[in-house]
Structures are given as C-alpha cells and as structure tokens.
1. Determine the residues within region B:222-262 where the difference in accessible area between the chain on its own and the full set of protein chains amounts to at least 40 Å²; count protein heavy atoms only and use a 1.4 Å probe.
2. What's the buried accessible area, both sides, between B and A using a 1.4 Å probe, rounded to 100 Å²?
3. Beyond 29 Å between alpha-carbons counts as too far, so tell me which of B:Lys111/B:Lys350; A:Lys177/B:Lys350; B:Lys135/B:Lys319 fall in that bin.
4. Which value in deg cm²/dmol, rounded to the nearest 500, describes the helix-derived mean residue ellipticity at 222 nm for the protein assembly as shown, given -39,500 (n - 2.57) per DSSP H run of n ≥ 4 and division by the residue count?
5. Using a 1.4 Å probe, what is the accessible area per residue for the protein assembly as shown, in Å²?
6. Quick check: Cα centre of region A:63-132 to Cα centre of region B:123-142, how many Å?
7. Carbon and sulfur together cover what percent of the accessible area of chain A at a 1.4 Å probe radius?
8. Strictly greater than 39 Å: what percent of every Cα pair in chain B meets that?
Amino acid sequence: MSSSISITDVGRVYTDTDGNKVTALQDVSLDIREGEFVSIIGPSGCGKTTLLRLIAGLDKPRSGSLTIDGRDITDVSPERGYVFQQGGLFPWLTVEKNIAYGLRARKVFKREREKVSEYISMVGLDGFEKSYPHQISGGMAQRVAIARALINEPKALLLDEPMGALDSFTRSDLQDKLLELWKHKRITMILVTHDIDEAIYLSDRIVIMTPRPGRINRIIDVDLPRPRHRGGSEFLAMRKEILELFRLAQAEPQPEYMI
Amino acid sequence: MNTDAAAVLSAVQVKENKAVSAHEKGHSRRNNTYFFLRILFTVSGFFIAILVNLFFPQTADVEIKDYRLNIFGMNVGLTINDAYIFVLSALILVYALSGVRALNDKDSRRKYSRNAAFRFALGIALALWDIGGTKLQLFAQPFFPGPAQVIEAYLADGSYIAENLLYSLRLYAAGFSCGVIMGVGTGILIGWFPKVYYWVFPVLKITGVVPAVAWMPFALTLLPNSFSAAVFLIVICAWFQIAFLTAQGIQSTPRQNYEAARILGSSQTGLILHVAIPHAMPDIFTGISSANAMAFTTLVMSEMLGQPGGLGYYINQSKVWSAYYKVLAAIVIMAVLFSLINHIIGRIQKHTLRWQEGVLKK
Ligand SMILES: Nc1ncnc2c1ncn2[C@@H]1O[C@H](COP(=O)(O)OP(=O)(O)OP(=O)(O)O)[C@@H](O)[C@H]1O
Ligand SMILES: [Mg+2]
C-alpha cells in the first residue's frame, strides 16, 4: 500500500507582488522508495513547502518532472495525503466530520462509516468527536488532520511541519504516534520539519535543503536501529554532523551582509 | 492498616462533603429568597398599573366602552378597562412564571435579575400613560390615547386586525423566502464563477443601493396584481443585499480549505456545497438579517401605498378616520411580530453557526 516517488531536476520560480522572480526550487532531484520515511529539513524559505506542494499535485513545476509509481503527477489525488503547516481543518465541521470528510468526498461514507471511530481512536481522540476545531488544542488539531488524511488510506503521506507549533511533550508523543502509524500501515512518509532531532528520530533518510535558490544540499542515511534513543551517542553524533553542515552552508560568503 | 487509614480518610471526606453541601444549601436558600424578591419586584410595576387603573379617579371625559365578546360560546361583557387589567394580569402571570422557571438555572437567573428593573419601569410607565392618556387626558387628542383605548382597538377590530396581520405575513413570507433563495443562489454564482462576477456584480452593486420601493411604479403597472407587486419589491430588497454578502463570503474562503478538500477527493460540486457555502454562512446570515430589516420597511411602505390589506394598509385606513388608537394598536402588533421574526432568524443563525461559538467576541 505504498509507492515510490521520483523527482527529477525540478525547478519552481515564483513572481512576487513587486514582479521580482524568486527561485524557490532549482534542480531538485530525489527518489523516494516505497514505504520510506524521508524528512526534509532546512532553514525557513528554502522551498520545503514548495516541494511538498509539487509532490501533492497542488502546484506544477516550471521545469523537471515528478512521478509516482512511474506516472506523472498532474493533479491532486487522495492517494497522496497532506497535512498542512497550520490550520488545515474545516472550522465548521466537528472533529468527527473533519475526519470523515474524505469518505464523504469520495462517496464511500455509507460503506466505510465504521472507519471514522477507528481512526478517531487511532489518534487518541475518543470523547472529542463532537468538538469543533477551535475547541481543541493545537496538538489535537494536528492529530485530527493526520487522521483525516489517513482515512483515505493514501499510499504516501505528506506532512508539512505538523508539529511546528507544539510543545516538546506533545511533540514527542505525536512523533511516536506517527512512527506507530507508519509501521502499521507501511505508507511512504515525507515529513518537512525544522527540528533536527525529530528528523533523526523518525526517518530513514534526511534531505537537507539550503535557500536562495532552494536546492538539496545533502542527503543523509540514518542507519540507526529503531526504537532510537534521543540521548544515544550515535544519535548525538549524527545531530552534530547535521548542525555542522548547516554551519558550513551559512558560512559561505554573503557579501550583502558584510560590513 | 492500610484499609483502616483509607476508611478513616473516606469518612472524613464524607463529613466534609456533607458540611460543604449543608453550607451550600444555606447559601442557596438565602439566594432563593433574594430571587423571589426579584420576581416580586419585576411584577410589582404591573401591579401598580392595575391599582392605578382601578382606583385613580377618572376625571377626564373619556368614554369607557363596554364590549360583548363571544369566548368559547360564552357571551362575556367587559369594559376596555377590564380588558386592560386582563392584559396586565397576563403580563404579571407570564413574568412570574418565567421567574419561577429561571429559578434553577444560574444563567437565566442572572438574565432575569438584569431585566427586573426594566420590567418594573415598564409597569410604572404603563401606569403613568394610563393617568396621562385616559384618567386626566393631559395629551393632545386624538393623537395620544391611553393604554386602555389601544386595547379597545383589538376589541373593536380584532378579527379585522388579524386578517390584515395574516395578509402582511403572507406578503412577507412569500417575498422574503423568495428573496433569500434567489439572493443566496445568485451570490453563489457570482462568488464562484469569475465570468458571472464580471457581468453581474457591477449591476448588482449599482441597483443594490436603490431603495426597493423606488421600483414601485414599475411593479404596480407591470405586474398582474398588487400582491405580486409587493412581493416583487420585497424580493428585490432581500435579493441584492443577500447576493452581495453571499458572494463576499464565498470569495473569502481560504485557498487552503479548497486544497484540503480537493486532496481528500472532493468533486467540484463538493467544493461549492461543502467548503464554499459553509464558509460563507456567517456572511449569508449577516445579509439575511440586514435584508430582513429592509424587508419590513418595504413591506409596510408598499402596504401603505397600494395594497388591499396588511398592517400598513390598516394604519393608513385608521389614519383617515383619525383613529389613532388603532394606529398605535397596529404599531404594537408590528413591533411584536417583527421582533418575533428577528428572534426566529437569530435562533436559526445561532444554531447554524454554532461552530463559531467562542471564536468571535460577543
Ligand atoms: N505563492 C508565492 N508567491 C511568491 N513567492 C513565494 C510563494 N510561495 C513561496 N514563495 C517564496 O518561495 C520561497 C520558498 O518558500 P517555501 O514556502 O517553500 O519555504 P519553506 O521552506 O516552506 O519555509 P518555512 O520553513 O518558513 O515554511 C520563499 O522565498 C518564499 O518567499
Ligand atoms: Mg513551509
């Protein structure tokens, strides 16, 4: 129930409101294997969301191509679930109805309605079925968003900083939940994050991006056995290595900021 | 040993609970007495109004007419003062009962208490009006009759007023429901299709500022009868306003909501029905309530200017006969009717937009 995604020489240029061209992505190539857990990290503005939107089919590249299982990605599809960076829930629907949305949209609600309570329990939201999004916490809202994406049983799940706004306890809780889901459903996971620890803890591979223009700087394999320990020496070594990469990337001369 | 300790602990707890509840009971008993005083205070104004009507000397020369009514087959004779006292007693009963009903709910108690002073003042105002309008007749006549005379209008004209009320209701219901349906429909089209927006929106914007009654000459000459003419005018004033706001609500739907829905497998119609329209709901209701106020105006105006019935027509007719007490009677009915309609719309709005509760500042 998973699929491979390949991204070849993809570029995307935005024109901002002043008419300036912003190269959000340049020559990005990446192959993601079936059932792989890939994290994308990089500083703000390096094109992570842009890349994820291209994979989802929400946006089209200016150059290059994106395929899933060999087919071109031309439009959105329920087989690629998406969790937005923030506030992706429908505020006018209850938790339960938000989660059931995909079933209704695909007109299978009558047949598969018992899945709703199953997915509510899966993300630990029993008792909050009738709450509206503004009545639950940010962490709960992200769990709703994840359940809502998963109920369609997608082959790949694209997550745009789903834990960006959470405190560290809720965050590690949700990370474990995500790992559990991934193991259980064997979906291809693509996670955008700012958090190096999170990337190491969760992924098979970490894609490091740098901004202006947004491109892939390095791809790191995380060969640590699971479950991983955040305090382990290999973990910390890898963390140091990645931090070093960022430091180097930032140390490149940037004349306009030099006095 | 352990269980003993637990037993002692729980015994202590039970005692404490008892103490607390006893304390609370005392507290609530005092509260109840206080609240009963509130109820008394609320109704005492109307009670004073009754006393004034009964015992204040009738010095001015006002005819206190006698009416015979047929109530459940019984032939009852009563003066207009009797009828007035009956209404006051009914008010006392209603407010006393609503006070008793509020007794066990903190929120309704607070609301009731807040209204007490106003309701008391209302009773006193009625008493003063009675003295000034009927007992001493201090005001210019026939423009300012007393409360008993206003009630006389219902005794004299009851079924005729009811007939006109029904006529108004029919006009309003036909016009407003049509206006809402057409307004929401056009608003969705304008908000969703850029082409429709381009061609229709400017027209709507310009015609929308013209008060609906300005179209009356056309309506009266071009439409087959005066009823349909009035319906047309109400439709116009509801239609433009609601279409305008509906379109705005649809257009302001965040792109991310559409994207989320599309990824989840929604069809194009699904996007309209389950994303755009729910998002526009608050604006649609803003449109409906402001259109509603305009619809009342249009309704009464068109009734005054060329309808064979309706409360506006009744007012006009009464004015011709200088029966200002009837004019007032009709105005009271309008106030009650329109508030009731507003209340119903407010209820529907609150239910539909319950997902917003707590998000917006009250
Ligand atoms: N719709 C748009 N119009 C113009 N420029 C855009 C648009 N979307 C993104 N950009 C620009 O493209 C670049 C990459 O944006 P993107 O949102 O992909 O960054 P990001 O890596 O997701 O950042 P963050 O970590 O802050 O979310 C930024 O410089 C941004 O200003
Ligand atoms: Mg982003």
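The values are calculated or read from the model by the stated rules, or taken from the named source; none is laboratory data. Computed from a predicted structure; not experimentally measured. Methodologically, a virtual Cβ is constructed for each residue, glycine included, from the backbone with ideal geometry; neighbour enumeration extends over all protein chains shown. The accessibility values were calculated without ligands, DNA or RNA, using every heavy atom of the protein model including side chains. Shrake-Rupley method; radii C 1.70, N 1.55, O 1.52, S 1.80 Å.
1. Flagged in region B:222-262: B:Gln256, B:Asn257, B:Glu259, B:Ala260, B:Arg262.
2. 2000
3. Cα-Cα > 29 Å for A:Lys177/B:Lys350; rest within.
4. -20000 deg cm²/dmol
5. Accessible surface, normalised per residue, equals 53 Å².
6. Their Cα centres are 68 Å away from one another.
7. 49
8. 42
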